[in-house]
Every structure is written in C-alpha cells, then in structure tokens.
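Novice: Following this message is one structure expressed as structure tokens.
The values are calculated or read from the model by the stated rules, or taken from the named source; none is laboratory data. Quantities reported herein were computed from a predicted structural model and do not represent experimental measurements. For neighbour counting, all protein chains shown are included, and Cβ atoms are generated from backbone atoms with ideal geometry for every residue, glycine included.
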Amino acid sequence: MFQPKPQPSGPGQIARIILMALLVFSFTALVIVTAIILLTGNTLALSRGAVFEAPSPRPGPTPTIAPLAAVTPGPVEMLPFRSVALGLTLDYPGGWRKKETSLRVIFAPTTAGLEPGQWGEPALWAGISSDNSIEPATVLANILADFPANTKLFQQSALTMAGTTWTLTDLNFSYTDGGQPGLARVAVTSHNDVGYYLVVLAPGEKWSAAEPVFQAMLASLGFTEEAVIRPTDATLPPTPTPSPTPRIYIVQPGDTLGGIALQFGVTVEAIVTRNGLEDPRLIRSGQKLIIPNKKKK
C-alpha cells in the first residue's frame, strides 16, 4: 500500500516559511508604491538620504502697476462778490483776501496787499469816486493821488467791460528807495451817473504771474440793478446845506438812524416817517433811505 512521503520538518521548514513571507511582503509593498506613483505622477526618491518635499510652485509673471497719469490742475476756484453799496459784482480767487469800505473794495493774495500804500503785493481795487465825480479825467486824477509821486503815465486806450466803455491808463512807478519797479493799470468810466474806477497793480517781477488772475476778475465784472446814489462826500459835516429834493442814503455797516439823522441834520422821526419804517432799530447794510429835507426855521 502506498504510503505518503513524510514532510520535512525542523529548521529548514521554518526558513522556507520566513522566506515565503518576505517575498509576499515585498511584492505587496511594490504594488502599493507603483499605485502611488501612478496616482500622483510624482517620482519618489528612494535613494539613501533622500528628503521628501512638496514641489515648490513656479512663480508667475510679476504684476505691474501702470503709472498714474499726470494730473493737470484745474482752474482757480473763484468766489462771487456783490456790493449793493458799490453797485458792482465780480469774482475773485478763493484764496485771496478782501477788504471792503464804503467806497472801495480791495482784493489781494495777502493781507499786506489790502493796504493802498503797500505796493509789494498784487492787488485789485474797485470803487466809486469819493466826490461824486463822473468825468473820467477827474476820477483818474483822484486815483493817481494815492500813487507814489514818481508815477508815470505811458499809455492810454479804450476798453469795453460790463457793457461800458472804460478809459484804460498804464502806469509805472518805483515803490522803494532802491527803485523797485511797479506796474499798474487804471480803468475809469461813468455808469448811471456814478464815477467808477478799477486798479490792478503788482511789482514788476510779479506782474506776469498776476496778470491772468486780473484778467479773469475783470472779465467777471458786472453792475448791479440798484442805482448807487450817495451824498456828496463820505465825510459830510453834521449840518449839510439842504438840497431842494430828497436825498438817498445807502446804509453802511455800523450805521444807526440816530447817527444818520445827526449827519444830515434831521430827526430820526422824520427819517422813519419818510421811509415808513416799522422799527427804527431794524436797518441793514445796503438799505436805501430817503433823507427828508431839513425844515427851514
């Protein structure tokens, strides 16, 4: 009878089992590694001492910012000026200063330029004749009295502004002991029986820069609808000679009815009655008041 062949045992059998297990483990590890390579597409460095690092991203093109276009400054901001007392309107630069009196307004880029005797800064004067002169030659003569004694007239012409013809006179002068030159243009006219003048002036070295500003201001000039009727002089005596017809007075800042009545030699009651005022305390700058004639004794 056939007898099965006895299986070997002992150390040899154990060695074969361990070898078979190692082969199965190696095959399994190889399959796993191959699957990872196929899925990720990355080649793993298996050499001794290799370091596993995530791939560094490739830098893209550096973004660039287009330079800003040069900004051209806009026109100078102009502010409106209106004076019922002077009967005119015009625009002036927002950064400039102004000084208004009863008969004149001055515009200048600095406070120093607001004083008529300060010739070192550009300025524009606009006003009406203080003595009610309406003849251009007389108005011009009155203006020249404010200029230095060495002032010279070197050109005259005609100019139309605000629908009115003006006589334009160019001047030059020295305003320091060292002979610093100054330039000015004076325009005079008569409008609604009122003598008007305009003066633009500047030191010689500042004239070119100031001239475009002067031109813009003069181009905006206009007259108000209200007629300007004033007493003969801004500093009337307390008892002026009465005129045969009632006078018109334009209230100035700080005026009171008592002061106006004293100035013209009439009573407050007479002014109140003549103008139909409900409250004699409520008068405003620029308001027109009819001054009644002083009664003869």
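Novice: Can you find, within the stretch 90-118, the residue that is surrounded by the fewest Cβ atoms within 10 Å (Cβ to Cβ) among those that are of a type in the set (A, V, I, L, M, F, W, C) and under 27 Å from Ser174 (Cβ atoms)?
Specialist: To start, the set of residues in the stretch 90-118 that are of a type in the set (A, V, I, L, M, F, W, C) comprises 90, 96, 103, 105-108, 112, 114.
When the remaining residues are screened for being under 27 Å from Ser174 (Cβ atoms), the result is 96, 105-108, 112, 114.
On the way: Trp96: 20, Val105: 20, Ile106: 19, Phe107: 26, Ala108: 23, Ala112: 13, Leu114: 20.
Taking the candidates together, the pick is Ala112.
Novice: Here's a check for you: in the stretch 272-291, which residue that is of a type in the set (D, E, K, R) and within 22 Å of Glu226 (Cα to Cα) is nearest to the chain's Cα centre (by Cα)? Step through it out loud before you land on a result.
Specialist: First, the residues of the stretch 272-291 that are of a type in the set (D, E, K, R): 274, 278-279, 281, 284, 288.
If we keep only those that are within 22 Å of Glu226 (Cα to Cα) too, we end up with 274, 284, 288.
Working: Arg274: 45, Arg284: 29, Lys288: 33 Å.
Of everything passing the filter in the stretch 272-291, Arg284 is nearest to the chain's Cα centre (by Cα).
Novice: Same structure, new question: For Ala112, only one of the following conditions fails: (1) free of Cβ contacts under 8 Å to residues at least 12 places away in the same chain; (2) in contact with a helix residue (DSSP H, G or I) (Cβ under 7 Å, 6 or more places away or on another chain); (3) of a type outside the set (Asp, Glu). What is its number?
Specialist: Going through the list (1) free of Cβ contacts under 8 Å to residues at least 12 places away in the same chain; (2) in contact with a helix residue (DSSP H, G or I) (Cβ under 7 Å, 6 or more places away or on another chain); (3) of a type outside the set (Asp, Glu), Ala112 breaks only (2).
Novice: Please indicate, with yes or no, whether at least one residue in the stretch 136-144 is in the same structural domain as Arg104 (by TED's automatic domain parsing), surrounded by 20 or more Cβ atoms within 10 Å (Cβ to Cβ) and not in a helix (DSSP H, G or I).
Specialist: no
Novice: Against the definition (out of contact with any His (no Cβ under 8 Å at 6 or more places or on another chain), over 22 Å from Val213 (Cα atoms) and of a type in the set (Gly, Ala, Ser)), how does Ala123 come out, yes or no?
Specialist: So Ala123 does not fit the description; no.
Novice: Being outside any helix (DSSP H, G or I) and surrounded by fewer than 19 Cβ atoms within 10 Å (Cβ to Cβ) is the requirement here; does Asn150 meet it?
Specialist: On the way: outside any helix (DSSP H, G or I): yes; surrounded by fewer than 19 Cβ atoms within 10 Å (Cβ to Cβ): yes.
Considered against the rule, which asks whether it is outside any helix (DSSP H, G or I) and surrounded by fewer than 19 Cβ atoms within 10 Å (Cβ to Cβ), Asn150 comes out as yes.
Novice: Is it fair to say Tyr197 is within 31 Å of the chain's Cα centre (by Cα), without any contact (Cβ under 8 Å) to a residue 60 or more places away in the chain and crowded, with 19+ Cβ neighbours inside 10 Å?
Specialist: Details: within 31 Å of the chain's Cα centre (by Cα): yes; without any contact (Cβ under 8 Å) to a residue 60 or more places away in the chain: no; crowded, with 19+ Cβ neighbours inside 10 Å: yes.
No: the conditions fail for Tyr197.
Novice: Still on this structure: I'd like the full set of residues that are surrounded by 17 or more Cβ atoms within 10 Å (Cβ to Cβ) and touching a helix residue (DSSP H, G or I) at 6+ places or on another chain (Cβ under 7 Å), limited to the stretch 259-271.
Specialist: Those that are surrounded by 17 or more Cβ atoms within 10 Å (Cβ to Cβ) and touching a helix residue (DSSP H, G or I) at 6+ places or on another chain (Cβ under 7 Å): Ile260, Ala261, Ile271.
Novice: Could you tell me whether any residue of the stretch 122-129 is in contact with a Lys or Arg (Cβ under 7 Å, 6 or more places away or on another chain), at pLDDT 90 or above and in a loop (DSSP other than H, G, I, E, B)?
Specialist: Looking for residues that are in contact with a Lys or Arg (Cβ under 7 Å, 6 or more places away or on another chain), at pLDDT 90 or above and in a loop (DSSP other than H, G, I, E, B), one finds at least one in the stretch 122-129, hence yes.
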